[in-house]
Amino acid sequence: MMQKITLFVFLSFFSLSLSIAQKPKTPSSSEIYESIQKLNFLGSVLYVAAHPDDENTRLISYMANKVKARTAYLSLTRGDGGQNLIGPEIRELLGVIRTQELLAARRIDGGEQLFTRANDFGYSKHPDETLEIWDKDQVLSDVVLAIRQFKPDIIINRFDHRTPGTTHGHHTTSAMLSVEAFDLANKNDAYPNQLKQTSTWQPKRLFYNTSWWRYGREAFEKLDKSNMINFDIGTYYPLKGLSNNELASLASSQHLCQGFGRLSQRGSQQEYIEFLKGDPITDNTNIFDGIDTSWNRVNGGTAIGNILYDIENNFNFKTPSVHIPKLLEAYKLLQKIDNEHWRTQKTKELKAIIEMCAGLYLEVSAETNWATANDVVGLNIEVLKRSNSNITLESLENASGLKVSKQIELKENTKYNFKESLIINKDAKPTAPYWLNEKGSLGMYKVNNSNLIGLPETPRLFKIDFHVLINKTPITFTKNVIYRFSKPDKGELYKPFEIIPEVTAKITEEVIILNNNQQRDITVVVKAGRDNIEGDLEIQHPSDWNIFPKKQKVSIANKGAEQKLIFTVIPPNNQSEVTITPIVHIDNKNYSKELIEIDYEHIPFQTVLLPSESKIVRLDIKKRGENIGYIQGAGDVVPESLQQIGYNVRIITPDEINTETLSRFDAVVVGIRAYNIVEDLNFKQQELFDFVANGGNMIVQYNWNRRLKVTDIAPYPLQLSRDRVTDENAEVRIINPNHPVLNSPNKITQKDFENWTQERGLYFPNSWGPEFTPILSMNDKNETEKEGSLLIAKYGKGRYIYTGLSFFREFPEGVSGAYRLFANMLSLGKEDLKLEAKLND
């Protein structure tokens, strides 16, 4: 309990900048001062790894806040292949969440965020396997592009490129590509098309972020560290009231969907980086040794530095606005330097500091959080100057044709509100994560616009330029259009302003399972993006299926309203798996996208457009038993999937686990990673085991082998491991063919293991008591056989089943064999004792 309270306190400290991340900044004097310190440091660090949560937030925070370097994290993927502890989103939608969690982390630790087009297809065991699925040339190209655009002096790899096969294949691959890109980035003949939008660049040094865990504590203590630099990353920041480790813990705790919420840390702690290549180290206390990080680095920078160093050394915390005349002087000089990279970057930083010192509050709030093409949206524009600076608002302008002259001399602490209209172009494209606009491959996202590659988000199209005169110096500040609103139980809230299609449609079930040839009603929800939608809806389907009626009328009066339409599906007599798509026809236009909203408090509200498709499966499946109790763990759709094949599923909480409640069920299923996240289950295990002893079935799905909240996950010895089979096509060998789970009520054959997705399974047990019977054997290429994917033990009158098979991935994909096998697991009972005896005769 204390852990939860402590984390809540620290997360609450940053809640303003995270849960309402669209809110205009209102920085304190200490934050302005720290921005000036960073302005006066002309050096940069790029940290490279494979996934969200791979990054070392301690080191990123140290470089950004102690060293004051411009620091970025290049994550090769968006983490689409991971698991989700906070909700049901997986694959592309999980990638959207984890992208935003990375950005939330960077808002805390002070870094920036970059990506490549690589798609996290799931766990791999070797770089060779990874690069069979990723397009190496494209990913390497993206790493080179990141280096050329960010222009880091220092690159730090999270993983060791010299140890393939010892960790996740994505991990080692990220380091290998970084090492290769280090040399390629400065070559004109390497990816020459990039040079139309950027220039070559040679980083000075490349490091590997090593640690004791690479060698073992004792071996690391004895290791020759003359080739390393170390930092005390436990340093304390008085201006923040936090240590670097506390800041880093807050940052990494943003990865909530991965279960990275953690206690903060304090005190001295050493971090090591090993020199790999580049300019030799002569001072192993300084990562920027021999690199000029002062304003003298750029031609014409000395005069700028003279001004800005004086402001830093004599900063007025009480009245920051007194520095505006000198800041403007530096701003004018900065526009004359010929180094485009530093001119662009430092102009951006300096303008932000001028805005902060002037106490300017500029906000553009739309009357709604979304609109459609050819729409007109009301804007409420707020301008406020909270200093005695001499500032005139000259005009407001945007790319859509708005240009309004104001010529208002702003008075101190006087609010100015303007009502304007935003005209949405008739050809405006819907807002969506750019990497999801085109269908990619298993290993790569497809991005046709080269200017978008590497960006964390799709750039906002709708902005307002505030043209102002500050002490007669013209400066333009640009603000995104946002949506500001309030809720009685939440207070003031912000959402991004989005463009959506005029109509979207979705079938309420992404996977529809029909376990016989009886017809079934399905529901399509049509949502209006504007008023007065009139059209018709049909469902596109293969010819051997019938859907009635062929079309239905769509009529929705109000924007944001929904209409539900019922269609009847008539399946063929034979087993079949197909995809169906709802299509709305309006004014000779066809709409077949689904609007998905992602709403979690720790990240900004997200809207995602994806092709609206549902998989519909007619399968031959038999089952015994009706009532299933489900104990939820991390997010999965297993309960809904079991309902699809006719089970009555009830979610039960730990408080409800007692003899009376459990007696109502034929089987109890424990959700994925429940024993990692639900602490109260430790006190309920014996009651669950008693349920099994009295004749019930208990199915436990996979758990991590670390951070277990329960003492005994099974009534007999059972040891979890990190064994997994990542090849979804790996051969599955049946080692106990006579076991009832493979024979009743459905006959399970090799065909049932076809078309599995992403992996066979994960975190298999590697040792167990003699009471368990292993059912299946499988392994990845060049590995030993793994027999722990499905283990079954008799316990009293019932059966205890542990499975690491990835049902949570197969059910959303409509994999028929996974449904048939799970139905057999649920159907195990007294009758199977007779069947097993008969089969063994």
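The values are calculated or read from the model by the stated rules, or taken from the named source; none is laboratory data. Values in this document were obtained by computation on a predicted structure and should not be read as measured data. Neighbour counts are summed over all protein chains in view; Cβ atoms, including those assigned to glycine, are modelled from backbone coordinates with ideal geometry.
Hey, any hits in segment 605-617 for a residue that's acidic (Asp, Glu) and surrounded by 20 or more Cβ atoms within 10 Å (Cβ to Cβ)? The answer is no; no qualifying residue exists. Considering segment 122-132, and only residues there that are surrounded by fewer than 24 Cβ atoms within 10 Å (Cβ to Cβ) and either among the acidic types (Asp, Glu) or in contact (Cβ under 8 Å) with a residue 60 or more places away in the chain (or both), the residue that is nearest to residue 90 (Cα to Cα) turns out to be 122.
Within segment 417-457, the set of residues being crowded, with 17+ Cβ neighbours inside 10 Å, among the hydroxyl-bearing types (Ser, Thr, Tyr) and at pLDDT below 95 comprises 431 only. Taken over segment 346-376, the residue count meeting the criterion of being free of Cβ contacts under 8 Å to residues at least 60 places away in the same chain and either of a type in the set (A, V, I, L, M, F, W, C) or in contact with a Ser or Thr (Cβ under 7 Å, 6 or more places away or on another chain) (or both) is 2.
Answer yes or no as to whether residue 318 is assigned to a helix (DSSP H, G or I), of a type outside the set (A, V, I, L, M) and at pLDDT 95 or above. Working first, answer last.
Details: assigned to a helix (DSSP H, G or I): no; of a type outside the set (A, V, I, L, M): yes; at pLDDT 95 or above: yes.
So residue 318 does not fit the description; no.
Looking across segment 289-327, just one residue is buried (at least 16 other Cβ atoms within 10 Å of the Cβ) and either touching a Pro at 6+ places or on another chain (Cβ under 6 Å) or free of Cβ contacts under 8 Å to residues at least 12 places away in the same chain (or both), and that is 322.
Could you tell me which of the residues 409, 397, 382 is acidic (Asp, Glu) and touching a residue at least 60 places away in the same chain (Cβ under 8 Å)? Criteria check complete, one pass: 397. Consider segment 397-420 and keep the residues that are in a loop (DSSP other than H, G, I, E, B) and among the basic types (Lys, Arg). The one that is nearest to the chain's Cα centre (by Cα) is 415. Take the residues in segment 483-523 that are hydroxyl-bearing (Ser, Thr, Tyr) and closer than 25 Å to residue 461 by Cα; name whichever of them is surrounded by the fewest Cβ atoms within 10 Å (Cβ to Cβ). Among them, the one singled out is 486. Among residues of segment 37-54 that are within 29 Å of residue 257 (Cβ to Cβ), those with a Cβ under 9 angstrom from a residue that is assigned to a loop (DSSP other than H, G, I, E, B) and β-branched (Val, Ile, Thr), sequence gap 6+ or separate chain, pair up as 45/67; 45/287; 50/77; 51/77; 52/77.
Any residue at all in segment 544-561 that's among the hydrophobic types (A, V, I, L, M, F, W, C), exposed (fewer than 14 other Cβ atoms within 10 Å of the Cβ), in contact (Cβ under 8 Å) with a residue 24 or more places away in the chain and on the phi < 0 side of the Ramachandran plot? There is at least one residue in segment 544-561 that is among the hydrophobic types (A, V, I, L, M, F, W, C), exposed (fewer than 14 other Cβ atoms within 10 Å of the Cβ), in contact (Cβ under 8 Å) with a residue 24 or more places away in the chain and on the phi < 0 side of the Ramachandran plot. Note on segment 651-706: enclosed helices (runs of 4 or more DSSP H) holding 2 or more residues that are charged (D, E, K, R) are 685-693. Just so you know, in segment 243-279 the residues that are free of Cβ contacts under 8 Å to residues at least 40 places away in the same chain and touching a Lys or Arg at 6+ places or on another chain (Cβ under 9 Å) include one that is surrounded by the fewest Cβ atoms within 10 Å (Cβ to Cβ), and it is 265. Going by what's in this entry, would residue 715 be described as over 24 Å from residue 637 (Cα atoms) and touching a strand residue (DSSP E or B) at 6+ places or on another chain (Cβ under 8 Å)? When the stated conditions are applied, residue 715 passes them. Scanning segment 784-807 for residues that are of a type outside the set (Ser, Thr, Tyr) and over 24 Å from residue 83 (Cα atoms), we see that the one that is surrounded by the fewest Cβ atoms within 10 Å (Cβ to Cβ) is 785.
Kindly provide the set of residues from segment 813-831 that are more than 12 Å from residue 755 (Cα to Cα) and either touching a strand residue (DSSP E or B) at 6+ places or on another chain (Cβ under 6 Å) or not assigned by TED's automatic domain parsing to the domain that holds residue 743 (or both), ordered by number.
Taking segment 813-831 as the starting set, the residues that turn out to be more than 12 Å from residue 755 (Cα to Cα) are 819-831.
Of everything in segment 813-831, those that are more than 12 Å from residue 755 (Cα to Cα) and either touching a strand residue (DSSP E or B) at 6+ places or on another chain (Cβ under 6 Å) or not assigned by TED's automatic domain parsing to the domain that holds residue 743 (or both) turn out to be 825, 826, 828.
For segment 684-699, the count of residues that are under 30 Å from the mean Cα position of the chain (by Cα) and either farther than 24 Å from residue 633 by Cα or surrounded by 16 or more Cβ atoms within 10 Å (Cβ to Cβ) (or both) is nonzero.
Considering every residue within segment 328-341, establish whether at least one is under 30 Å from residue 53 (Cα atoms) and surrounded by 14 or more Cβ atoms within 10 Å (Cβ to Cβ). The answer is yes, given that some residue of segment 328-341 is under 30 Å from residue 53 (Cα atoms) and surrounded by 14 or more Cβ atoms within 10 Å (Cβ to Cβ). Remark: pairs (first residue in segment 582-602, closer than 18 Å to residue 522 by Cα and touching a residue at least 40 places away in the same chain (Cβ under 8 Å); second residue among the acidic types (Asp, Glu) and in a strand (DSSP E or B); Cβ separation under 7 Å; 6+ apart in sequence or on different chains) = 583/538.
Of the residues making up segment 710-718, one or more are part of a loop (DSSP other than H, G, I, E, B) and more than 37 Å from the chain's Cα centre (by Cα).
Against the conditions (1) surrounded by 24 or more Cβ atoms within 10 Å (Cβ to Cβ); (2) more than 23 Å from residue 207 (Cα to Cα); (3) in contact with a strand residue (DSSP E or B) (Cβ under 7 Å, 6 or more places away or on another chain), residue 135 satisfies every one except (1). You will find that of 223, 177, 206, 195, the residue that is more than 26 Å from the chain's Cα centre (by Cα), under 26 Å from residue 120 (Cβ atoms) and of a type in the set (A, V, I, L, M) is 206 and no other. Looking only at segment 457-513, which residues are polar (S, T, N, Q) and farther than 30 Å from residue 445 by Cα? Those that are polar (S, T, N, Q) and farther than 30 Å from residue 445 by Cα: 471, 473, 476, 478, 486. Checking each residue in segment 50-73 for being under 15 Å from the mean Cα position of the chain (by Cα), surrounded by 24 or more Cβ atoms within 10 Å (Cβ to Cβ) and closer than 16 Å to residue 251 by Cβ picks out 51, 52, 55, 73.
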